[in-house]
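Comments concern the structure below.
FYI, it's all coordinate maths here, none of it is from the lab. Owing to the predicted nature of the structure, the values given are computational and were not obtained by experimental measurement. FYI the Cβ positions are ideal-geometry reconstructions off the backbone, even for glycines, and counts take in every protein chain you see.
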Amino acid sequence: MPALMMDEVRKVYGSGEQAVVALDGVSLEVGDDELLALVGPSGSGKTTLLSIAGGLLRPTDGAVQVGPHRIESYGPRELTRFRRTAVGFVFQGVNLVPFLTARENLLVAAEIAGVERRRARARAEQLLGELGLAGKEDRLPARLSGGERQRVAIGRALMNEPALVLFDEPTSSLDSRLGAQVMELIRAEVKGRGTAAVVVTHDLPMTRYADRVVEIHDGRLVT
Amino acid sequence: MRPARIGATEVLRRPGRFAITAAVLALLVALQVVLWGLLDGLTGSTTGAYRALGADLLVYGPASRAALLRSQVSPELRARVEAADGVAAVGGLGVTLTWGRTDGAPVPTDLAVFGYERSTGRLPAPPPPGDGLADRSLSQEGVAIGDVLAVGPQGVPIRVSGWVQDASYLGQPGLWVAPATWRRVLATAAPDRVLPEGTWQALVVDAEGDAAAVAARIARATGAEALPLDEAISRLPGVEAQRASFLQLIGATTLVAGLVVALFFALITLERVRLFGVLKAVGVSSAQLLGALALQALTVTGAAYAVGVAAAVALARVAPEEVPIRLTGGRVLWVAPVLVGTALLGLATSLRRVVRIDPATAVVGR
């Protein structure tokens, strides 16, 4: 089963003369261990596509399946539950909780998903170690470097072992060297765990880490 | 880490962020506790005598508007009251507002001299003629048991033979005496208001069954004004006005406390739209976010309550004697649920804003 399947997805913001078509009949499949890069200019619909795949937005038309979840008809509560366990997000600008330590930022994701505390702690320790953050578990985000914060965000996205991880411009605030390191890390983590990932990026050199690159223009995928 | 613990962790790790709100709330708590203390103190000094009576009803003469000084109950009226259905026991009551001084005292002390016939409530049986039971507040003015007070313009001698706790009247310490002693004081302090033998200003009545029903029956049967004790207390001069004024002040402080919490959490919510969006995006529900905010509001309010009560107690201790602050555990405890309720109401103003935070807008700007 593909990790993500989108079929003829449309997304229209507003209505009448104010209507803006953000996605126009997008069909896309992402394999269960595939790393897909999604590129395109600003306003092309990348972020909308990512938001629909992650259950942050509902499509106007079309079908969206993430693993076993057909989410296009989910209501707000079902989408909240879906986001807890089925997908991981790494947001642009990282967005860690500033007053929680690196470890606690990971635990947030696990505990709201109902993972037992001891198991969640063990998983967090393991991930932090694998992400090269051993010894920095108790640091607040303000005391971590940009790359370390990005790694904590990746750890948070991976905490619940989702089938699909979505990255929104993960290298936009990093220099090219750090950006490359982060992309290498993303690839290693995704491939090492058999997880699918969609990476939205402006940064074309970073697409070399992807298995496949898809371009989007004016809400349509360009083949 | 569950959302409620995230909220608690923020309070612990960033106490400075909550300190100003907690300080303002603590001041409001202190103010509110002191206002309650003042209200209770003032009410106590005004109404202590009536509360000391502990009777079910007070019966005043017709058209007296429940004022002792305007009221007269003749022996005939008394007989009709005694005969009314539901009346168990009756005793006469009269008061004279005057003054007295002990031998050598530099200034006289205001007194409310009560004549009474029988033991009720906290009052023992009337002392022998020439003796008086004094409100304990007189001890703060240097009066001791065994002292003789020269009462009224002609200095009627009354020996203090005991104390009665909390028994002042309209701010003047009560001196409780036998009927004959009271009539002597009345004759010298207010000769124009001397009452014939057997006539009292009011009757203290023990009722069988519901006091209000018995009062209504007495009023219908005799034409007298009969009031349950609580109502008689509220009709004492100034009591209602005092209570209403203080309650308005207390209500205003409660409102301000609610506004402080509402404003604080409205600002904090606005400031955290992105953070709340992130939490929602990773699966935290609006209810969980509101629960975390409620926990923060309760923590801040609880800390403010503890500090505010401590400040009020300290203030009551250093207040001058003439400021009658009376702090009771019940009142202090009563402030807590009101404050918590107000804080939660204040927080509720952010409810809609939190629910409407759209993770897609907050996190990815769409």
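Summary of computed values
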{"read-out": "Net charge, residue B:59 excluded, C-beta distance under 9 Å - Lys, Arg +1, Asp, Glu -1", "value": "0"}
{"read-out": "Using a Förster distance of 25 Å, the FRET efficiency for residue B:70-residue B:241 (Cβ separation, nearest 0.05)", "value": "0.85"}
{"read-out": "Using a Förster distance of 35 Å, the FRET efficiency for residue A:18-residue A:119 (Cβ separation, nearest 0.05)", "value": "0.10"}
{"read-out": "Alpha-carbon centroids, segment A:153-223 and segment B:290-366: separation in whole Å", "value": "46"}
{"read-out": "Largest to smallest principal axis extent of the C-alpha atoms in the protein assembly as shown, angstrom", "value": "116, 50, 42"}
{"read-out": "Dimensionless Rg/Rh of segment B:62-223 - Kirkwood Rh, Rg from C-alpha atoms", "value": "1.00"}
{"read-out": "Rg/Rg_ref, chain B, where Rg_ref = 2.2 N^0.38 Å and atoms are Cα", "value": "1.39"}
{"read-out": "Furthest towards positive pole of dipole, A:89, A:60, A:112, structure part segment A:1-137, Cβ charges", "value": "A:112"}
{"read-out": "Cα centre as origin, Lys/Arg/Asp/Glu Cβ charges: chain B dipole, Debye", "value": "2180"}
{"read-out": "Unit charges at the beta carbon, dipole of chain A: most positive-side option, A:31, A:209, A:102", "value": "A:102"}
{"read-out": "Dipole magnitude of segment B:62-223, debye to nearest 20 (Cβ charges: Lys/Arg +1, Asp/Glu -1, about Cα centre)", "value": "300"}
{"read-out": "Leading residue at positive end of dipole, segment B:62-223 (Cβ point charges), from B:188, B:92, B:62", "value": "B:62"}
{"read-out": "Sites excluded, GluC sites (Glu not before Pro) in DSSP loops with at most 14 other C-beta within 10 Å, longest stretch of chain B", "value": "B:1-196"}
{"read-out": "Cα extents of segment B:271-366 along the three principal axes, largest first (Å)", "value": "66, 20, 17"}
{"read-out": "Pairwise centroid distance, computed over Cα atoms, of segment B:142-164 with segment B:1-54, Å", "value": "42"}
{"read-out": "Inter-part distance where segment A:129-144 and segment A:48-76 are each reduced to a Cα centre, Å", "value": "33"}
{"read-out": "DSSP beta bridge pairing in segment B:62-223, given as percent antiparallel to the nearest 5", "value": "75"}
{"read-out": "Rule-of-thumb Rg ratio for chain A [Cα; 2.2 N^0.38 Å; N residues]", "value": "1.00"}
{"read-out": "Dipole magnitude of the protein assembly as shown, debye to nearest 20 (Cβ charges: Lys/Arg +1, Asp/Glu -1, about Cα centre)", "value": "980"}
{"read-out": "Projected area averaged over orientations for segment B:19-132, convex hull of C-alpha atoms, nm²", "value": "12.7"}
{"read-out": "Per residue convex hull volume, Cα atoms of segment B:15-57, in Å³", "value": "79"}
{"read-out": "Relative contact order (%) - criterion: Cα under 8 Å, at least six apart; region: chain B", "value": "29"}
